[in-house]
Amino acid sequence: MSEIVSVPQHGPKHVAIIMDGNGRWAQARGRPRLFGHHAGAKRVKEIVRACPEFGVKYLTIFGFSTENWKRTQSEVAGLMSLFRRYIRKEARALKDEGVRVRFIGDRPRLDKKLRDLMDELEALTQENDGVHLTIALNYGGRDEVARATRRLAQDVADGNLKPEDVGEETLPKYLDTYVLPDPDLVVRTSGEARISNFLLWQSAYAEYEFIDTLWPDFSREEFGELVGAYSSRERRFGAVPA
Ligand code: IPE
Ligand code: IPE
Ligand code: MG
């Protein structure tokens, strides 16, 4: 007996989140934008903790884009200081909770103190195999592809790679995300329906969810609903269902 059914396969293994709306959240309360960023940072912990329950093994979050340097100097400095503070404060708990932390993005432009903290947190959690949390800092999809291409070109110039051997499975090996599976679900909060240069290559077949909630209001319940909605969708990857 054969029957065409839409089979809800399974939940998303890798969820990526564009955490947007901190500024508007603060503005609505008559507070400075940084107040919103601090409130946003608190949500991260709750969402990371909810991952195991929802079967999410990989969580990737967009913390600062290559375009965010265009903001005022005081907002940029405040964000950098928040990242340093967040890493210092959360390192021990992340380690103890089995979270494996990685950072993606172009590091040289970040200040030395922050880079050192990032390296330390990666090293501290490298044996962990619970939730794999990837934090994108000074990350841009185009920048990542450009940096990857530069290294790929260098391998060709050095004679380690032949141009005719370059296929679509070659470039991902040079991306910052080379150890990660592609995201299954990309969520953007705050009502904007754009991806703002996030995981361009990796999200070719991701499902997208654009929701109105501002990031500091995003809850584990809403996260659970999105995971559930994903699970009931059929992903075809270009094929016709069997
Ligand atoms: C997202 O919130 C956080 C970062 C980009 C660092 P925003 O700061 O972009 O908040 P809105 O979009 O101005 O509300
Ligand atoms: C995307 O949000 C970057 C992060 C969430 C870190 P933005 O607020 O910077 O994106 P645009 O400016 O709305 O495209
Ligand atoms: Mg924004």
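Between residue 13 and residue 123, the distance separating the two model label sites (each 7 Å from Cα on the Cα→Cβ line) works out to 3.1 nm. For the peptides 202-209, 119-126, residues were scored by their other Cβ atoms within 10 Å and the scores averaged per peptide; the highest-first order is 202-209, 119-126. At a probe radius of 1.4 angstrom, the accessible area of segment 116-222 per residue rounds to 50 square angstrom.
Which net charge results when you count Lys and Arg as +1 and Asp and Glu as -1 among the other residues whose beta-carbon is under 15 Å from that of residue 33? Write down the numbers at each step before the final one.
Numbers: positive: 24, 29, 31, 70, 71; negative: 20, 75.
Result for the local shell: +3.
At 1.4 Å probe size, with the rest of the protein present, what percent of the exposed accessible area of the chain is carbon and sulfur atoms? Don't skip to the answer; put the middle values down first.
Details: 6480 of 12760 Å².
Of the solvent-accessible surface of the chain, carbon and sulfur hold 51 percent.
Once you have a ≥ b ≥ c as the square roots of the Cα gyration tensor eigenvalues for segment 98-138, tell me rounded if a/c is under 1.5, and otherwise prolate or oblate according to whether a/b is larger than b/c. Oblate shape, in that a/c is at least 1.5 and b/c is the bigger or equal ratio. Here, P(r) means the percent of Cα pairs in each 10 Å bin from 0 to the largest distance; for the chain it is 7, 29, 35, 20, 7, 1, 0.
Around residue 130, what is the net charge, scoring Lys/Arg as +1 and Asp/Glu as -1 over all other residues with Cβ under 11 Å from its Cβ?
Numbers: positive: 49, 57, 95, 100; negative: 96, 97, 127, 129.
Neighbourhood net charge equals 0.
When you count the other C-beta atoms within 10 angstrom of each residue and take the mean per peptide, 140-148, 16-24, 232-240 line up highest first as 16-24, 140-148, 232-240. Volume of the convex hull of segment 1-101 (Cα atoms only), normalised per residue: 157 Å³. Of all the options 161, 114, 133, the one that moves most in a Gaussian network model of the chain with Cα springs shorter than 10 angstrom is 161. Can you spot the lysines whose alpha carbon is less than 23 Å from residue 113's alpha carbon? Ignore those fewer than 8 places along the same chain. Within reach: 42, 45, 70, 89, 95. Fully extending the segment from residue 233 to residue 165, taken as 0.36 nm per residue of separation minus the present Cα-Cα distance, adds 20.9 nm. Relative contact order of the chain, taken over Cα pairs closer than 8 Å and 6 or more residues apart, is 31 percent. Counting only lysines at least 8 places from residue 13 when in the same chain, those with an alpha carbon closer than 17 Å to its own are 57.
The values are calculated or read from the model by the stated rules, or taken from the named source; none is laboratory data. These figures come from a predicted structure and were not determined experimentally. Please note: Cβ atoms are built from the backbone with ideal geometry, for glycine as well, and neighbour counts cover all protein chains shown. In case anyone asks, the SASA skips ligands and DNA or RNA and just uses the protein heavy atoms, side chains included. Shrake-Rupley method; radii C 1.70, N 1.55, O 1.52, S 1.80 Å.
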